[in-house]
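Trainee: Below you will find the structure I want to go over with you.
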Amino acid sequence: MILEAEHIQKKFKEKEVLRDISFSISKPEIFGLLGPSGSGKTTLIRILIGLLKKDGGSSSVFGYDCEKLRDEAYAQIGMMLDETGLYDRLSCVDNLDIYRRLYQLPVDVIEPALRRVSLYESAQTPVNKLSKGMKQRLAFARALLHQPKLLFLDEPTSGLDPATTANIHELLFELREKGVTIFLTTHDMEEATRLCDRVALLNEGCIIECDTPEAICCKYNTSNQVRILTTKGTGIIRDLKQDMDQIVKLIQAGQVKTIHSMEPTLESVFIELTGKELV
């Protein structure tokens, strides 16, 4: 088992932040923990990487108790939290060199790491001169420096421009294909639909759904409607049960360019279940 959580609970004073959180990851995938700000996403990720103690339940990474993680476990884990933890006055190279020494890696790992995130040309630039997107990419390079098998990312694309976001998405897909498991948090449901193999919807400290984005959307699809784009460029909506004869006639007449079902989105499902907007 790569990652497992069973009945995790956490309180801060009298406020219950996590309640009965259970899920598991048994094979490499991109797993998304989705929810609005304040829903408990960051608290859970900190518990899973051993930075915060839980009040109840159990959790493990590669079979190690998350509250007793040893060096051999951390050697397999990479992380990028909401604060980057970069040294502002040091260059990109010097920042990575600190972590290279920490993991006792050869010096030649730095150049390919910077190239991987398109920062090689800025290798000698101090961090305080970098844009937010460049800092995110440097933090990402640092998290990947020791080639971890499990990567924790807390809102990895929050506030980034579309080009940088697309760059990070491409890297995540590449890592998954190489057998890396990625656990990420986000409040962006569209991003989760594009990226994640499975998602868990978190609301007020509870997981209210956990499955593939497609399965969750289909589960709450109560509509039989399809959107049809005709060869004349006209968009029409028809009901599969009531208008099937008409749809067939359009197809037979060669007047249909595309047909799309009208399943709900992850965001609309979340709003339906909780009555809350994602912010």
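Trainee: Only one of these is of a type in the set (S, T, N, Q), surrounded by 14 or more Cβ atoms within 10 Å (Cβ to Cβ) and closer than 23 Å to residue 276 by Cα: 185, 222, 165. Name it.
Mentor: Details: 222 fails: surrounded by 14 or more Cβ atoms within 10 Å (Cβ to Cβ); 165 fails: closer than 23 Å to residue 276 by Cα.
The conditions single out 185.
Trainee: Take the residues in segment 127-147 that are surrounded by fewer than 16 Cβ atoms within 10 Å (Cβ to Cβ) and not small (Gly, Ala, Ser); name whichever of them is farthest from residue 160 (Cα to Cα). Walk me through it before giving the result.
Mentor: From segment 127-147, those surrounded by fewer than 16 Cβ atoms within 10 Å (Cβ to Cβ) are 128-129, 131-132, 147; that's our starting set.
Okay, now just the ones that are also not small (Gly, Ala, Ser), so 128-129, 132, 147.
On the way: 128: 17, 129: 16, 132: 7, 147: 24 Å.
Going through the qualifying residues, I end up with 147.
Trainee: Restricting attention to segment 186-205, report how many residues are in a loop (DSSP other than H, G, I, E, B) and either at pLDDT below 95 or among the hydroxyl-bearing types (Ser, Thr, Tyr) (or both).
Mentor: Going residue by residue through segment 186-205, those that are in a loop (DSSP other than H, G, I, E, B) are 187-188, 196-197, 204-205.
Among the residues that remain, those that are also either at pLDDT below 95 or among the hydroxyl-bearing types (Ser, Thr, Tyr) (or both) are: 187-188, 204-205.
Selection size over segment 186-205: 4.
Trainee: Out of segment 100-111, which residues are surrounded by 12 or more Cβ atoms within 10 Å (Cβ to Cβ) and modelled with pLDDT of 95 or more?
Mentor: Scanning segment 100-111 gives 100, 105, 109, 110, 111.
Trainee: Is there any pair with a first residue in segment 160-185 that is in the same structural domain as residue 77 (by TED's automatic domain parsing) and outside any helix (DSSP H, G or I) and a second that is surrounded by 12 or more Cβ atoms within 10 Å (Cβ to Cβ) and among the polar types (S, T, N, Q) whose Cβ atoms are under 8 Å apart and which are 6 or more apart or on different chains, and what are they?
Mentor: 160/136; 185/42
Trainee: In segment 1-22, which residues are among the acidic types (Asp, Glu) and farther than 19 Å from residue 69 by Cβ?
Mentor: Start the filter on segment 1-22 by keeping residues that are among the acidic types (Asp, Glu), which leaves 4, 6, 14, 16, 20.
Within segment 1-22, 14, 16, 20 qualify.
Trainee: Here is a check on your reading of the model: is residue 89 part of a helix (DSSP H, G or I), of a type in the set (Lys, Arg), over 27 Å from residue 11 (Cα atoms) and without any contact (Cβ under 8 Å) to a residue 60 or more places away in the chain?
Mentor: Details: part of a helix (DSSP H, G or I): no; of a type in the set (Lys, Arg): yes; over 27 Å from residue 11 (Cα atoms): yes; without any contact (Cβ under 8 Å) to a residue 60 or more places away in the chain: yes.
When the stated conditions are applied, residue 89 does not pass them.
So that you can scan it fast, the table gives a plain yes or no per residue for (1) without any contact (Cβ under 8 Å) to a residue 12 or more places away in the chain; (2) touching a His at 6+ places or on another chain (Cβ under 8 Å):
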position: 14; (1), (2): yes, no
position: 25; (1), (2): no, no
position: 44; (1), (2): no, no
position: 48; (1), (2): no, no
position: 52; (1), (2): no, no
position: 57; (1), (2): no, yes
position: 96; (1), (2): no, no
position: 104; (1), (2): yes, no
position: 108; (1), (2): yes, no
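Trainee: Name every residue in segment 120-154 that is in contact with a Lys or Arg (Cβ under 8 Å, 6 or more places away or on another chain) and more than 15 Å from residue 86 (Cα to Cα), in order of residue number.
Mentor: Of the residues in segment 120-154, the ones in contact with a Lys or Arg (Cβ under 8 Å, 6 or more places away or on another chain) are 126-128, 141, 144-145, 154.
Result: 154, single match.
Trainee: Checking the condition of a type outside the set (Val, Ile, Thr), over 17 Å from residue 207 (Cβ atoms) and assigned by TED's automatic domain parsing to the domain that holds residue 133, which residue from 54, 13 passes?
Mentor: Values: 54 fails: over 17 Å from residue 207 (Cβ atoms).
That would be 13, the only listed residue that is of a type outside the set (Val, Ile, Thr), over 17 Å from residue 207 (Cβ atoms) and assigned by TED's automatic domain parsing to the domain that holds residue 133.
Trainee: I've got another one for you. For segment 13-35, which positions are farther than 12 Å from residue 2 by Cβ, out of contact with any Lys or Arg (no Cβ under 6 Å at 6 or more places or on another chain) and crowded, with 17+ Cβ neighbours inside 10 Å?
Mentor: Just the residues of segment 13-35 that are farther than 12 Å from residue 2 by Cβ, to begin with: 13-22, 30, 32-35.
Subset that is out of contact with any Lys or Arg (no Cβ under 6 Å at 6 or more places or on another chain): 13-16, 19-22, 32, 34.
Correct list: 19, 21, 32, 34.
Trainee: Within segment 9-62, which strands (runs of 3 or more DSSP E) (wholly inside it) include 2 or more residues that are more than 18 Å from the chain's Cα centre (by Cα)? Before you say what the answer is, go through the steps one by one.
Mentor: Details: elements: 15-25, 30-34, 56-61.
Qualifying strands (runs of 3 or more DSSP E): 15-25, 56-61.
Trainee: Condition check: in contact with a helix residue (DSSP H, G or I) (Cβ under 6 Å, 6 or more places away or on another chain), farther than 30 Å from residue 27 by Cα and among the β-branched types (Val, Ile, Thr). Does residue 248 satisfy that? Reasoning before the result, please.
Mentor: Working: in contact with a helix residue (DSSP H, G or I) (Cβ under 6 Å, 6 or more places away or on another chain): no; farther than 30 Å from residue 27 by Cα: yes; among the β-branched types (Val, Ile, Thr): yes.
Against the criterion (in contact with a helix residue (DSSP H, G or I) (Cβ under 6 Å, 6 or more places away or on another chain), farther than 30 Å from residue 27 by Cα and among the β-branched types (Val, Ile, Thr)), residue 248 does not qualify.
Trainee: Can I ask one more? Suppose we filter 251, 247, 208, 216 for residues that are assigned to a helix (DSSP H, G or I) and under 30 Å from residue 39 (Cα atoms); which single one remains?
Mentor: Working: 251 fails: under 30 Å from residue 39 (Cα atoms); 247 fails: under 30 Å from residue 39 (Cα atoms); 208 fails: assigned to a helix (DSSP H, G or I).
216 is the lone residue from the list that is assigned to a helix (DSSP H, G or I) and under 30 Å from residue 39 (Cα atoms).
Trainee: Is it fair to say residue 238 is out of contact with any Cys (no Cβ under 7 Å at 6 or more places or on another chain), buried (at least 16 other Cβ atoms within 10 Å of the Cβ) and not assigned by TED's automatic domain parsing to the domain that holds residue 80? Spell out the reasoning first.
Mentor: Values: out of contact with any Cys (no Cβ under 7 Å at 6 or more places or on another chain): yes; buried (at least 16 other Cβ atoms within 10 Å of the Cβ): yes; not assigned by TED's automatic domain parsing to the domain that holds residue 80: yes.
Considered against the rule, which asks whether it is out of contact with any Cys (no Cβ under 7 Å at 6 or more places or on another chain), buried (at least 16 other Cβ atoms within 10 Å of the Cβ) and not assigned by TED's automatic domain parsing to the domain that holds residue 80, residue 238 comes out as yes.
Trainee: Turning to a different aspect of this structure: Hey, could you check segment 214-239 for residues that are under 15 Å from residue 255 (Cα atoms) and of a type in the set (D, E, K, R) and say which is nearest to the chain's Cα centre (by Cα)?
Mentor: 227
The values are calculated or read from the model by the stated rules, or taken from the named source; none is laboratory data. Every value quoted in this text rests on a predicted model; they were computed, and no experiment measured them. Please note: Cβ atoms are built from the backbone with ideal geometry, for glycine as well, and neighbour counts cover all protein chains shown.
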